[in-house]
1. Give me the percent of Cα-Cα pairs in the range 134-185 that sit more than 14 Å apart, rounded to a whole number.
2. May I ask you to list the chymotrypsin sites (Phe, Trp or Tyr not before Pro) in the range 152-223 that are in a DSSP loop and have at most 14 other Cβ atoms within 10 Å of their Cβ?
3. Answer with one residue from LEU4, GLN71, PHE108: the one whose Cα lies farthest towards the positive end of the charge dipole of the chain, charges on Cβ with Lys, Arg +1 and Asp, Glu -1.
4. Ignoring GluC sites (Glu not before Pro) that are buried or in helix or strand per DSSP, and keeping those with at most 14 other beta carbon atoms within 10 Å, what is the longest stretch of the chain between them?
5. Before rounding to the nearest 500, sum -39500 (n - 2.57) across all DSSP H runs of length at least 4 in the chain and divide by the residue total; then give [θ] at 222 nm in deg cm²/dmol.
6. With axes computed from alpha carbons, what is the tilt in degrees of helix 2-20 against the longest principal axis of the chain, rounded to the nearest 10 within 0 to 90?
7. Binning at 5 Å from 0, report for the chain what percent of all alpha-carbon pair distances ends up in each bin.
8. Just the accessible area for HIS106, please: 1.4 Å probe, Å², rounded to the nearest 10?
Amino acid sequence: MTYLLLILGVLLSFVFVYTVKPANKNHFKLVLAFSGAFLLALTIFELFPSVYEKTDSKTVGVFVMLGILLQIFLEFFSKGAEHGHVHINHEKSGFPWSIFLSLCIHSFLEGFPIGHHHTMLYGVLIHKIPIAIILSIFLLNSKIAFQKALLFVGLFSLMTPLGSFIASNANWVREFYVPITALVIGVFLHISTVILFESSEGHSFNLRKIFVIILGILFAYFI
């Protein structure tokens with residue numbers, strides 16, 4: 001059921017964009033702000049305690065920082081698609097391999113904590129749906145053929161379930177639980193904070209955004 005939810009979340013987002021045809025990603029800024037706050041809060045409430053209770057803080061800190069650096073590196077190729085800030089060259093009709101591969105690595109890593117922390121399923125899912133919607137808007141509005149866009153989204157939808165499956169069944173993941181989880185924490189920290197910063201564009205006070213951010217934190221606390 002976990003794997004099905006993760007796959008359907010992405011595929012149904014693509015179907016929604018294809019049928020409704022929302023033209024502007026700005027309509028989803030509040031949803032993005034909620035997802036960023038929710039994912040950040042779950043990371044702090046769920047993942048941080050689980051790694052710090054198992055090993056020394058400096059080791060955890062090193063892998064958290066490596067996770068942040070890894071995500072920064074991936075974004076050079078994904079063009080920021082993980083937080084809804086993607087630019088695809090509309091003049092090219094070829095398959096966007098660099099964006100696809102970097103997004104797949106990111107999504108694969110997202111699946112690792114789910115096997116040990118089931119509540120992270122909700123954080124990843126709520127993060128993934130608005131991103132999948134925004135990514136689908138760009139893919140369908142670009143020169144990329146529909147079949148290639150569908151292939152992109154279909155393969156992308158499988159990456160997080162694959163990561164979760166491997167984390168639940170591979171012995172080496174259990175053996176290296178702390179460094180892997182700390183690495184994913186760094187990825188989540190970077191993604192969620194960038195989403196929150198970008199949702200506060202212009203640094204102007206926006207009561208609706210503040211409200212949905214607080215709502216996201218509260219949902220994560222009581223889940």
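The values are calculated or read from the model by the stated rules, or taken from the named source; none is laboratory data. Note that the structure is a prediction, hence the values are computed from the model and not measured. Positions of Cβ are generated from backbone atoms using ideal geometry, with glycine treated the same way; all protein chains shown enter the neighbour counts. In case anyone asks, the SASA skips ligands and DNA or RNA and just uses the protein heavy atoms, side chains included. Shrake-Rupley method; radii C 1.70, N 1.55, O 1.52, S 1.80 Å.
1. 64
2. Sites meeting the loop and neighbour criteria: PHE176, PHE205.
3. The Cα lying farthest towards the positive end belongs to LEU4.
4. Here the longest run is 92-223.
5. -24500 deg cm²/dmol
6. Approximately 20 degrees, to the nearest 10.
7. 1, 7, 15, 19, 20, 17, 11, 6, 3, 1, 0
8. The value for HIS106 is about 10 Å².
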